[in-house]
Amino acid sequence: MNIRELISRLPGTEMENGAGDEIITHVATIADAGPESLTFIANSKYERFLLTTKATAVIIGRSFEIPTEFHESKRNTILIRADDPYGTFARALEYFNPRKNIFSERIHPSAVIHTSATISSDAKIGAQCFIGENVKVGDGSVIHPAAIIYDGVVIGNNVVIGPGTVVGFDGFGYAPNKDGSFSKIPQIGNVVIEDDVEIGALCTIDRATISHTIIRKGAKLDNLIHIAHNVEIGENTMIAAQTGISGSAIIGSRNQIAGQVGMIGHISTADDVIIIAQSGVSKSITKAGTYFGAPAKEFRTALRQEGALRQLPDLLERVKELEEKIKKLEEKNL
């Protein structure tokens, strides 16, 4: 489509230069973009590419300052101002790359579904899925191939569950015996997944020991995430891959948890918390903010400590030199 038509489909945008007749056929990253492509800049790290990109059009923010060199070079790149460059580009992606329907039928014949399960008339179940006893699947929800949904799980509306994900298997609960062995604690709760949740591939979400493990409305989980028994994930929280959340932890709303974060059980986080990748959370976080480290601490504090640690080798060398000087002075005085 031409740029004029594209802008009409993208709310909150306007063309800064060009005629609007220029043709866009595909989208691309700014580093790889070529003629007839659309790209975007939402991160200052990529601003330098504006002077070299071969894209026909670039989506930029309202406050983006166009380099003088851009005008001096008389580049033909069309600039499109947007309230939200990243979100606008995401919408453009849908126009040029509509999602393929991998479901040839609503419920694949190889899916195993218990007779007591309640599946909405417009939900979709992929190949080789297992849907257990008394499971409920809401309107518009999609369960991808090879997912396993155990007994009693409740799945809301417009939920996406990725391939190979297991929901509702037993939580990791064992009681120690006097002889050093362990006895399994029955896991009799369930998992509740509220509306508009998306869960990636190969995740595991354990059923509660008693009561519920809950993934609240709008939460987004990446691939390869483990959610233990009785955990609650807050509304519109995002969790990246290889994160593990231990039993009975309660995660606030709108949290952003990066990859490979580990959280111990029976703690909680406030709303609007950001946890940087590879952090270890060992106690509750009671205030909104950004946290980093193992154990996780307020971001600026963590950076200062990291800076101090990097200086330790030099400090130890200086201490050693001072000790040698003191020793020589003491020997001289003797």
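The values are calculated or read from the model by the stated rules, or taken from the named source; none is laboratory data. Keep in mind the model is a prediction, meaning the values are calculated, not measured. Ideal geometry is used to build each Cβ from the backbone, glycine not excepted, and the neighbour counts take in all protein chains shown. Keep in mind that these areas ignore ligands, DNA and RNA; they rest on the heavy atoms of the full protein, side chains included. Shrake-Rupley method; radii C 1.70, N 1.55, O 1.52, S 1.80 Å.
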Filter result for Ile149 (open to solvent by 20 Å² or more (accessible area, probe 1.4 Å), at pLDDT 95 or above, aliphatic (A, V, I, L, M) and within 30 Å of Gln187 (Cα to Cα)): no
Can you work out which of the residues in the range 254-281 that are of a type outside the set (A, V, I, L, M, F, W, C) and either assigned to a strand (DSSP E or B) or in contact with a Leu (Cβ under 8 Å, 6 or more places away or on another chain) (or both) is surrounded by the most Cβ atoms within 10 Å (Cβ to Cβ)? Thr269
Looking at the structure I just gave you, is Ser284 within 23 Å of Asn230 (Cβ to Cβ), surrounded by 16 or more Cβ atoms within 10 Å (Cβ to Cβ) and either of a type outside the set (A, V, I, L, M, F, W, C) or in contact with a Phe, Trp or Tyr (Cβ under 6 Å, 6 or more places away or on another chain) (or both)? no
Specify the residue that is modelled with the highest pLDDT; the eligible residues are those in the range 54-106 that are in contact with a Gly (Cβ under 9 Å, 6 or more places away or on another chain) and farther than 21 Å from Arg9 by Cβ. Lys54
Please give the number of the condition Asn190 fails out of (1) without any contact (Cβ under 8 Å) to a residue 12 or more places away in the chain; (2) touching a His at 6+ places or on another chain (Cβ under 8 Å). (1)
Scan the range 1-20 for residues that are hydroxyl-bearing (Ser, Thr, Tyr) and open to solvent by less than 70 Å² (accessible area, probe 1.4 Å) and report the count. 1
Residues to consider are Leu79, Leu51; find the one that is exposed (fewer than 15 other Cβ atoms within 10 Å of the Cβ) and aliphatic (A, V, I, L, M). Leu51
Out of all the residues in the range 68-83, which are in contact (Cβ under 8 Å) with a residue 60 or more places away in the chain and among the β-branched types (Val, Ile, Thr)? Ile78, Ile80
Can you spot a residue in the range 39-60 that is assigned to a loop (DSSP other than H, G, I, E, B), within 22 Å of Tyr95 (Cα to Cα), in contact with a Pro (Cβ under 9 Å, 6 or more places away or on another chain) and of a type in the set (Ser, Thr, Tyr)? yes
Would you say Tyr46 is within 19 Å of Met1 (Cα to Cα) and open to solvent by 90 Å² or more (accessible area, probe 1.4 Å)? no
Is one or more of the residues making up the range 21-32 outside any loop (DSSP other than H, G, I, E, B), touching a residue at least 40 places away in the same chain (Cβ under 8 Å), open to solvent by 40 Å² or more (accessible area, probe 1.4 Å) and under 17 Å from Phe96 (Cα atoms)? yes
Single unsatisfied condition, Glu94 versus (1) over 28 Å from Glu133 (Cα atoms); (2) open to solvent by less than 40 Å² (accessible area, probe 1.4 Å); (3) not in a strand (DSSP E or B): (2)
Being surrounded by 12 or more Cβ atoms within 10 Å (Cβ to Cβ) and touching a residue at least 24 places away in the same chain (Cβ under 8 Å) is the filter; apply it to the range 97-113 and report the residue that is farthest from Ser37 (Cα to Cα). His108
Which numbered condition trips up Tyr86, out of (1) without any contact (Cβ under 8 Å) to a residue 40 or more places away in the chain; (2) surrounded by 13 or more Cβ atoms within 10 Å (Cβ to Cβ); (3) more than 30 Å from Lys136 (Cβ to Cβ)? (1)
Ile326, sole failed condition from (1) open to solvent by 80 Å² or more (accessible area, probe 1.4 Å); (2) in contact with a Phe, Trp or Tyr (Cβ under 6 Å, 6 or more places away or on another chain); (3) among the β-branched types (Val, Ile, Thr): (2)
